[in-house]
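J.: Would you mind keeping the following structure in view while I ask a few things?
Coordinate-derived values only; no laboratory data. Owing to the predicted nature of the structure, the values given are computational and were not obtained by experimental measurement. Here Cβ is always computed from backbone atoms with ideal geometry, including for glycine, and neighbour counts include all displayed protein chains.
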Amino acid sequence: MHKEKEDRLPVAVEQREVIADHRMFSPSVARNSAPILAVLKRVLPTHGAVLEIGCGTGEHAVCFAGAMPGLTWQPSDPDDDARASTSSWIKFAGLKNVLAPRDIDVCSEQWGVEQTGHFDAIVSINMIHIAPWASSLGSFAGAGRLLRAGGLLVLYGPFMRDGAHTAPSNAAFDAALKERNPSWGVRDIAYR
């Protein structure tokens, strides 16, 4: 069961331009698509199924699916406006390997995509830090249920290492996020 609308996750922490066909444009997507795509091309299989958690505007979905036509891309977002934008981007791009966006609440035990089978990868871009920690835990649990053996969970965003921010700008961003919502923030990730 989904949480009430007012308790759902935010769309973004940035201003987005919206045009008449409901496509949204994200400034961060314009900056990060190419470097993320370079990594995805290296780590993802050439064929298979990818679930994107928190697809936002849908720009990443069409960019990545267009560049990797052997993958079927399943975008998802809990926000109605984000899904409308993603649907418009899919229509605009004319891609056949991007499925209609799904309404997934990562804190739910069932995501509504279980019947489609397992995924080769789950990708989540800039979601972990603008969501409560429970959303991270839900994402990890969902990955455990939905990834094929050897499948990848790919996360992109700012992270701390061993309790330290990797850049002064990330420390300032973390403070701004926590001021906006104390349950948000740049998460610590351990490298071994």
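J.: Which shape class applies to the range 66-179: rounded if a/c is under 1.5, otherwise prolate when a/b exceeds b/c and oblate if not, where a ≥ b ≥ c are the square roots of the Cα gyration tensor eigenvalues?
T.: prolate
J.: With the dipole of the range 16-157 worked out from charges on the C-beta (+1 for Lys and Arg, -1 for Asp and Glu) around the Cα centre, which of Cys55, Ala38, Trp73 lies farthest toward the positive end?
T.: Checked the options; the winner is Ala38.
J.: If you don't mind, there's one more thing I want to ask. Work through the residues other than Leu40 whose Cβ is under 13 Å from its Cβ and net out their charges, Lys, Arg +1 and Asp, Glu -1. Spell out each step's value before the answer.
T.: Working: positive: Lys41, Arg42; negative: Glu52, Asp120.
Local charge sum for Leu40: 0.
J.: Ile53's amide H: which non-local residues (gap 5+, or another chain) put their own amide H closer than 5 Å, with H modeled 1.01 Å from N in plane and none for Pro or chain starts?
T.: Val123, Ser124, Ile125
J.: While we're on this one: With the cut-off at 1.5 for a/c, could you classify the chain from its C-alpha gyration tensor as rounded, prolate or oblate?
T.: Working: a/c = 1.33, a/b = 1.21, b/c = 1.10.
Here the chain falls in the rounded category.
J.: Related question: Determine the dipole magnitude for the range 16-157: charges of +1 sit on the beta-carbon of Lys and Arg, -1 on that of Asp and Glu, nothing else is charged, the reference point is the Cα centre, and the result goes in debye to the nearest 20. Walk me through the numbers on the way to the answer.
T.: Values: 11 positive and 13 negative charges, 110 e Å.
The calculated dipole for the range 16-157 is roughly 520 debye.
J.: Eight or more residues apart or on different chains, and alpha-carbon atoms under 30 Å: count the Lys pairs in the chain matching that. If you can, show how the numbers build up before the last one.
T.: Details: Lys3/Lys91; Lys3/Lys178; Lys5/Lys91; Lys5/Lys178; Lys41/Lys91; Lys41/Lys96.
Qualifying lysine pairs in the chain: 6.
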